[in-house]
Amino acid sequence: MSSVGIVSLGCSKNLADSEVMAGLLLKAGHTLAPTPDRADVILVNTCAFIEPARAEAAENILAACAHKAAGHCRAVVVAGCMPQRYREQMLEAFPEVDALLGVDELDRLPEVLKALSKRRRGALPVTVAPGLPTRTFDKPIPALRLTGPVFAYMKIAEGCNHACAFCAIPLFRGRLRSRPVDALLGEARALIETGCREINLVAQDVTAYGKDRRDGSSLAGLLRELDALEGDFWLRWLYGFHNHVTDELLEVMAGARHVVPYFDLPIQHCATDILRAMRRADTIKAIESFPARLRAAVPGATLRTTCMVGFPGETEDHFKALLDYVQAVRFDRLGAFVFSPEEGTAAADLPGLPPPEVAQRRHRELMETQARIARELDRARVGSRGRALVVDYRGEDGAVARLPHQAPEVDGLTRIAHVPDAVKPGDFVEVRVTGRRGYDLTAALA
Ligand code: SF4
């Protein structure tokens with residue numbers, strides 16, 4: 001049996017895959033090393049979405065191979081989007097790697113480790129099956145989470161049926177496939193029973209949940225069932241399409257006990273020509289109306305979005321329209337990317353790419369505009385009260401928590417001063433916001 005060190009890169013969906021693999025390893029009698037440098041086998045679960053992610057994956061793979069070459073571990077296994085997308089190139093680029101696993105082969109990990117223990121030195125690495133992935137995986141140990149005790153990500157669907165012109169994900173993650181409601185209810189129950197206080201539903205597009213199933217499943221229906229579970233916990237969903245937010249979903253959210261009023265809806269842009277060129281024409285009609293509609297339907301709604309600048313054909317007028325839109329809507333949180341051409345995507349060879357310095361300037365201007373809006377919105381929260389989830393306790397430095405409008409790992413935190421020792425991570429506490437510090441809020445117990 002081996003001790004395996006997991007390096008999980010990329011998005012929360014990839015982390016969910018790492019949790020599936022971790023559960024499989026434990027079920028097969030292996031152990032999880034506290035850190036990769038103390039493992040017999042290093043498993044690097046990679047992301048291949050854009051160039052910076054690929055560079056990070058390469059860096060971690062090479063570091064693991066160097067660790068092996070120095071005799072500190074026995075094998076290096078690489079999983080996830082890199083082997084799935086670049087099967088052939090991986091063998092050449094990383095000859096020291098012992099095994100490659102695609103996103104459809106998570107459950108082959110135990111047998112791969114068995115094969116590796118018998119494998120002759122220099123034999124060809126165990127590799128990935130060809131073709132687009134078609135499977136979904138339930139966690140063998142539903143409660144297992146690599147995010148710590150307080151919150152978890154629950155992947156409700158795999159793949160994507162959209163064809164956004166800039167995005168390669170459908171090319172290596174495959175078509176949309178939603179996990180069955182019963183499996184998700186089972187996973188949520190196990191998480192809640194083991195003290196998880198926040199379950200974040202994730203997928204490439206959570207609002208598409210169930211569209212591939214013929215059993216009437218939908219995000220609204222799933223939330224209704226999860227919300228009926230007993231316990232004290234939050235439910236949040238991340239990455240949706242605003243034009244897929246149904247009235248039924250809004251009704252469920254407005255009347256729910258556990259669902260936080262949080263909408264994470266990447267719009268990418270607002271200019272009609274650009275949205276059409278991005279092959280997101282179906283989002284044009286609702287782009288003006290959705291913020292007011294959501295805010296009216298769900299009290300205290302938090303709106304988060306993501307934008308892309310520098311897309312081929314984007315003019316100063318298009319960019320000005322985006323700036324005006326962002327200033328009018330005043331999103332609570334906004335992230336932005338500069339377009340980068342991705343091999344195999346419809347936008348890779350589109351003409352009219354703005355010069356890099358122009359794209360960078362637009363990115364800077366957009367983020368500065370949003371930073372000002374975020375400051376004003378946070379200033380307006382001073383004096384307000386809310387129920388916060390403690391995520392860390394730091395003795396004299398007080399506690400670190402999140403309010404419902406603060407999603408894990410992407411939004412700011414709420415720092416609570418002077419907290420009694422009895423308070424611990426996973427507790428919900430009533431707080432009064434006293435101020436702000438950068439993207440964080442400061443608070444006192446109410
Ligand atoms: S919704 Fe669009 S951006 Fe997101 S994974 Fe699907 S194709 Fe890519």
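The values are calculated or read from the model by the stated rules, or taken from the named source; none is laboratory data. Keep in mind that what you see is a predicted model, and the values were worked out from it rather than measured. Cβ sites come from the backbone with ideal geometry, for glycine too, and all protein chains shown count toward neighbours. Each accessible area value is taken on the protein alone, full model and side chains, heavy atoms only, with ligands, DNA and RNA left out. Shrake-Rupley method; radii C 1.70, N 1.55, O 1.52, S 1.80 Å.
In the range 247-298, the residue that is nearest to the ligand (Cβ to nearest atom) out of those that are open to solvent by 30 Å² or more (accessible area, probe 1.4 Å) and of a type in the set (Lys, Arg) is 279. Residue 251 fulfils the conditions (1) more than 24 Å from residue 407 (Cα to Cα); (2) acidic (Asp, Glu); (3) part of a helix (DSSP H, G or I) except for a single criterion, (1). Out of the residues in the range 183-205 that are in a helix (DSSP H, G or I) and charged (D, E, K, R), state the one that is farthest from the ligand (Cβ to nearest atom). Going through the qualifying residues, I end up with 193. Among the residues of the range 148-175, those identified as near the ligand (Cβ under 8 Å from one of its atoms) and either among the aromatic types (Phe, Trp, Tyr) or not in a loop (DSSP other than H, G, I, E, B) (or both) are 166, 169, 170, 173. In the set (1) in contact (Cβ under 8 Å) with a residue 24 or more places away in the chain; (2) surrounded by fewer than 20 Cβ atoms within 10 Å (Cβ to Cβ), residue 102 fails one condition alone, (2).
Residue 197 meets the conditions (1) surrounded by 19 or more Cβ atoms within 10 Å (Cβ to Cβ); (2) free of Cβ contacts under 8 Å to residues at least 60 places away in the same chain in every case but one. The failed one is (2). Scanning the range 390-423 for residues that are open to solvent by less than 10 Å² (accessible area, probe 1.4 Å), in a strand (DSSP E or B) and farther than 15 Å from residue 433 by Cβ returns a single hit, 390. Residues of the range 411-426 that are of a type in the set (D, E, K, R) and touching a residue at least 40 places away in the same chain (Cβ under 8 Å): 411 alone. Beta carbons closer than 7 Å, at least 6 apart along the sequence or on distinct chains, pair a first residue in the range 157-182 that is of a type outside the set (A, V, I, L, M) with a second that is near the ligand (Cβ under 6 Å from one of its atoms) and part of a helix (DSSP H, G or I) for 159/170; 160/169; 160/170. Taking the criterion of being open to solvent by less than 40 Å² (accessible area, probe 1.4 Å) and more than 17 Å from residue 172 (Cα to Cα), the residues of the range 30-60 that qualify are 30, 33, 39, 41, 42, 43, 44, 58. Within the option set 396, 365, 357, 409, being charged (D, E, K, R), more than 21 Å from the chain's Cα centre (by Cα) and closer than 30 Å to residue 148 by Cα holds for one residue only, 396. Residue 306 meets the stated requirement of being within 16 Å of the ligand (Cβ to nearest atom), of a type in the set (S, T, N, Q), modelled with pLDDT of 95 or more and within 30 Å of residue 403 (Cα to Cα).
Testing residue 349 on (1) farther than 30 Å from residue 441 by Cβ; (2) within 16 Å of the ligand (Cβ to nearest atom), one condition comes back false. Which one is that? With (1) farther than 30 Å from residue 441 by Cβ; (2) within 16 Å of the ligand (Cβ to nearest atom) applied to residue 349, the lone miss is (2).
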